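Enquirer: My questions will all concern the structure given below.
The values are calculated or read from the model by the stated rules, or taken from the named source; none is laboratory data. This structure is a prediction, so every number in the text was calculated from the model and none was measured. Positions of Cβ are generated from backbone atoms using ideal geometry, with glycine treated the same way; all protein chains shown enter the neighbour counts.
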Amino acid sequence: MTQPTPISDDELDELERQFVGRVRGRVLEIGAGEGENFGAFDPGITWTGLEPDAKRRTELAQRAREWRHEAEPLDAVAESIPLPDHSVDAVVGTYVLCSVTDQAATLAEVRRVLVPGGRVVFVDHVVAPPRTLKYVVQRVATPFSKRFCHGCHWDRDTEQALVRAGFRGEDVRRLRVRSTPFGPVPMLLFEGRAPGDAASAAE
Ligand SMILES: C[S@@+](CC[C@H](N)C(=O)[O-])C[C@H]1O[C@@H](n2cnc3c(N)ncnc32)[C@H](O)[C@@H]1O
């Protein structure tokens, strides 16, 4: 299979900003870290962040106030989101589906809190095609990255997990980003929708 030509970190950052900037209405950001995405969101959104790490959440809360978001970030994991069913129009997660303990449980929770037809934007590094050197490196490295890099898995097939969870891709980019010493990193940018009539979701 022909692999896409690798892009630079700057090109990836720009694409990521574009994807994150597409969500509207009530937005839940899972694994929001220290608020790295604030500059990319549309200023009209109503933002809620979820971040289990206390130190990051303190920084996130501070930055959220600077960006005039009123909601205090939620102290929770994405496998158990403390929000009612169908209470948000969109969910965003950048570099978090590689880190959650249980992807299927997380995506089931994302579906539960989204309105029918609600939008999702996920950006992450993903598993390389089987029978490539990169795939072997990822499989060997993941037990160590899980242990020493905050639960990060190098070998997740996140697109497959999203499809299995019922999300329908609308703009799905499978890219590679230049990286040394182990060669280009496969990346997924996924904009899609939960099942259901999108009429009830903010556009
Ligand atoms: C690599 S960082 C990404 C942070 C930010 N989203 C970004 O793009 O820079 C992964 C984040 O996911 C959070 N995280 C880890 N496990 C999680 C879980 N089960 N549920 C929600 N967030 C989680 C971590 O605390 C961390 O802030």
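Enquirer: For residue 191, are the conditions met, namely being under 18 Å from residue 90 (Cα atoms) and touching a Phe, Trp or Tyr at 6+ places or on another chain (Cβ under 7 Å)?
Expert: Spelling it out, residue 191 is indeed under 18 Å from residue 90 (Cα atoms) and touching a Phe, Trp or Tyr at 6+ places or on another chain (Cβ under 7 Å).
Enquirer: Checking residue 142 against (1) within 9 Å of the ligand (Cβ to nearest atom); (2) surrounded by 15 or more Cβ atoms within 10 Å (Cβ to Cβ), which test does it fail?
Expert: Only one criterion is unmet by residue 142, namely (1).
Enquirer: Report the residue count in region 35-52 for those that are free of Cβ contacts under 8 Å to residues at least 40 places away in the same chain and charged (D, E, K, R).
Expert: 2
Enquirer: Looking for whichever is more than 30 Å from residue 147 (Cβ to Cβ) and surrounded by fewer than 16 Cβ atoms within 10 Å (Cβ to Cβ) here; the options are 71, 54, 104, 90. Which one fits?
Expert: Values: 54 fails: more than 30 Å from residue 147 (Cβ to Cβ); 104 fails: more than 30 Å from residue 147 (Cβ to Cβ); 90 fails: surrounded by fewer than 16 Cβ atoms within 10 Å (Cβ to Cβ).
Unique residue meeting the criteria: 71.
Every residue, every condition in (1) buried (at least 19 other Cβ atoms within 10 Å of the Cβ); (2) of a type in the set (A, V, I, L, M), yes or no:
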residue	(1), (2)
156	yes, no
163	no, yes
170	no, no
174	no, no
177	no, yes
191	yes, no
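Enquirer: Starting from residues that are free of Cβ contacts under 8 Å to residues at least 12 places away in the same chain and under 21 Å from residue 120 (Cα atoms), keep the ones in region 146-178 and report whichever is nearest to the ligand (Cβ to nearest atom).
Expert: By that ranking, first place goes to 160.
Enquirer: Kindly provide the set of residues from region 115-144 that are in contact with a His (Cβ under 8 Å, 6 or more places away or on another chain) and closer than 16 Å to residue 102 by Cα, ordered by number.
Expert: Residue satisfying the conditions is 142 alone.
Enquirer: Examine region 128-136 for a residue that is crowded, with 22+ Cβ neighbours inside 10 Å and either at pLDDT 90 or above or under 21 Å from residue 48 (Cβ atoms) (or both), and state whether such a residue exists.
Expert: Yes, because at least one residue in region 128-136 is crowded, with 22+ Cβ neighbours inside 10 Å and either at pLDDT 90 or above or under 21 Å from residue 48 (Cβ atoms) (or both).
Enquirer: Which residues, counting only those in region 118-170, are in contact with a Leu (Cβ under 9 Å, 6 or more places away or on another chain) and at positive phi?
Expert: 166
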